[in-house]
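Peer 1: My questions all concern the structure below.
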Amino acid sequence: MARFTRLLVPGRFQPPHLGHIGTVRYALDLADEVVVVVGSAQESYTLSNPLTAGERIVLLRKALKATLGDDYNRVYIAPVPDIQMHRVWVEYLKMLLPPFEGVVSGNELVLLLFEDSGLTAIRPPMYKPEICNGTVIRGLAIKGGPWWECIPEVIRGDLERVFVGRLRRLAGVRG
């Protein structure tokens, strides 16, 4: 595969998990730099988006620094609010972010939008997709299940303090 100057890795990171870390690492193997796009930046304090963009950025920085070592210096993190217009989303990203050549994502819509815009769209190997995804992790956190299994160890304590209690309160779970 060709070497790229800069690729994007978009996600909501609600919460950041090992699948996200693996995707960033995979993108770094393909590109000189990676821009991690924290999407839905305007969303917070909901069941689907419990963390603020600022909280997600801090958690991502901590997890990426701990796992990537010196390669972390090749990663940028940028919050991007939604625009709710899929057809122009890639152009919106071009306006907000440094120049990029494509995207690395497991999201079919994201891949389609980049392909339709004439940019490279790369599907990474997925890390335990049946359990390492935000919907499953949030559901386990609400129910008191093993939500931490796909979370980088370095941010588990932070998420225990902020994420779990907030999610449970938003879901109306007491105790």
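Peer 1: If I stretch the segment between Asn107 and Asp158 completely, what's the gain in nm (0.36 nm per residue apart, minus their alpha carbon distance), one decimal?
Peer 2: On the way: separation 51, 0.36 × 51 = 18.36 nm, distance 2.68 nm.
Difference between extended and current length: 15.7 nm.
Peer 1: Averaging over every viewing direction, what projected area does the convex hull of the Cα atoms of segment 77-118 cover, in nm²? Mind showing how you got there, number by number?
Peer 2: Working: hull surface 12.5 nm².
Directional mean of the projected Cα hull area for segment 77-118 stands at 3.1 nm².
Peer 1: Between Gln42 and Lys94, what's the calculated FRET efficiency when r is the beta-carbon distance and R0 is 25 Å? Round to 0.05.
Peer 2: Computed FRET efficiency for Gln42 and Lys94: 0.80.
Peer 1: Out of Val80, Val34, Val162, any idea which swings most in a Gaussian network model of the chain, alpha carbons joined below 10 Å?
Peer 2: Of Val80, Val34, Val162, the most mobile in the Gaussian network model is Val162.
Peer 1: Take the eigenvalues of the Cα gyration tensor for segment 43-143, scale each by 5, and report the square roots as semi-axes in whole Å, largest first.
Peer 2: 24, 19, 16
Peer 1: Keeping all protein chains in place, calculate the accessible area per residue for segment 28-77 (probe 1.4 angstrom), answer in Å².
Peer 2: 44 Å²
Peer 1: When the accessible area of segment 1-125 is split by element with a 1.4 Å probe, what percent falls to carbon and sulfur? Could the numbers behind the result be given before it?
Peer 2: Working: 3150 of 5850 Å².
After summing per-atom areas, the C and S share lands at 54 percent.
Peer 1: Starting from the exponent 0.38 and prefactor 2.2 Å, build the expected Rg for segment 118-175 from its residue count and divide its actual Cα Rg by it.
Peer 2: Compactness ratio reported: 1.39.
Peer 1: May I pose another question? Could you identify which residue out of Leu28, Leu159, Leu97 has the top mean-square fluctuation in a GNM of the chain using Cα springs shorter than 10 Å?
Peer 2: So, out of Leu28, Leu159, Leu97, the one fluctuating most is Leu97.
Peer 1: Follow-up question, since we're still on this one. Measuring from label point to label point, each 7 Å out along Cα→Cβ, what is the Ala66 to Asp116 span in nm?
Peer 2: 3.9 nm
Peer 1: Principal axis lengths of the chain from Cα atoms, whole Å, largest first?
Peer 2: Projected onto the principal axes, the Cα atoms of the chain cover 51, 36, 27 Å.
Peer 1: Could you tell me the accessible area of Lys94 in Å² (1.4 Å probe, neighbours in place), rounded to the nearest ten?
Peer 2: Per-residue accessible area (Lys94): approximately 90 Å².
Peer 1: Among Ile155, Ile83, Ile57, which one moves the most in a GNM of the chain with springs linking Cα atoms closer than 10 Å?
Peer 2: Residue with maximal mean-square fluctuation among Ile155, Ile83, Ile57: Ile83.
Peer 1: Please state, as a whole number in µm²/s, the translational diffusion coefficient that the Stokes-Einstein equation yields for segment 1-105 at 37 °C and 0.692 mPa s, with Rh defined as the Kirkwood radius across alpha carbon pairs.
Peer 2: 235 µm²/s
The values are calculated or read from the model by the stated rules, or taken from the named source; none is laboratory data. Everything numeric here is computed off the predicted structure, so don't read it as measured data. Here Cβ is always computed from backbone atoms with ideal geometry, including for glycine, and neighbour counts include all displayed protein chains. Ligands, DNA and RNA are stripped out before the accessible areas are found, and what is left, the full protein with its side chains, is counted by its heavy atoms. Shrake-Rupley method; radii C 1.70, N 1.55, O 1.52, S 1.80 Å.
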